[in-house]
Amino acid sequence: MRDKLAEYDAVAKAAEKFVKSVAEGTSKYARELFVDEAVLFGYLDGKLEHGSIEQFYHNVDTVPGDKNFKARIDVLLVEETLAVVRILEEGWGGRIDFTDVLLMLKMNGEWKCVAKAYNQNSETISK
C-alpha cells in the first residue's frame, strides 16, 4: 500500500545523507544512512564493483568534493517499510555522471539503505 506523502519527505531527507557525502567527499553522512550489511553493485569506468558498501565509502573518501557537483533525489516508491530512491548525479569528481538506485527499509522507525546499484553515464567513462 502506498504510504502518506509525508513519508516520501522522510525518505528524501534520509537520502540527502548520501548526496551530502558525495558532494563533500566524505563518507561520514552516508555511514548514517547505510546498514553495515549493505551491498553495492555497478560499473565504475567500465569495471564491475560489487560487494560491501565499504567500496562506496572508499570511493567517496578518496575523491574530493567538487563545487560544480549537482544531484537530484527522486523518491520513486514508498510502501510501509520499503522505499526506492533514484539519485541523479552530475560532476562527481569533476567528471562523472551517475544514476544511483537506493533500496531502503524502515528499520526501528528510521529509513536505512540496504543496497545501492548504479549506472555511470557512458560519455563520462574514462577508458
Is region 61-79 home to any residue that is in contact with a Ser or Thr (Cβ under 7 Å, 6 or more places away or on another chain), among the acidic types (Asp, Glu) and modelled with pLDDT of 95 or more? yes
If you take the residues of region 57-103 that are surrounded by fewer than 18 Cβ atoms within 10 Å (Cβ to Cβ) and touching a helix residue (DSSP H, G or I) at 6+ places or on another chain (Cβ under 7 Å), which of them is nearest to residue 20 (Cα to Cα)? 65
Could you say which residue among 106, 20, 116 is under 22 Å from residue 10 (Cβ atoms), over 13 Å from the mean Cα position of the chain (by Cα) and either touching a residue at least 12 places away in the same chain (Cβ under 8 Å) or surrounded by 16 or more Cβ atoms within 10 Å (Cβ to Cβ) (or both)? 106
Being charged (D, E, K, R) and surrounded by 14 or more Cβ atoms within 10 Å (Cβ to Cβ) is the filter here; which residues of region 1-17 pass it? 3, 7, 16, 17
If you check residue 40 against the conditions, is it touching a Cys at 6+ places or on another chain (Cβ under 8 Å), touching a residue at least 40 places away in the same chain (Cβ under 8 Å) and not aromatic (Phe, Trp, Tyr)? no
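The values are calculated or read from the model by the stated rules, or taken from the named source; none is laboratory data. Source: prediction; values computed, not measured. Cβ sites come from the backbone with ideal geometry, for glycine too, and all protein chains shown count toward neighbours.
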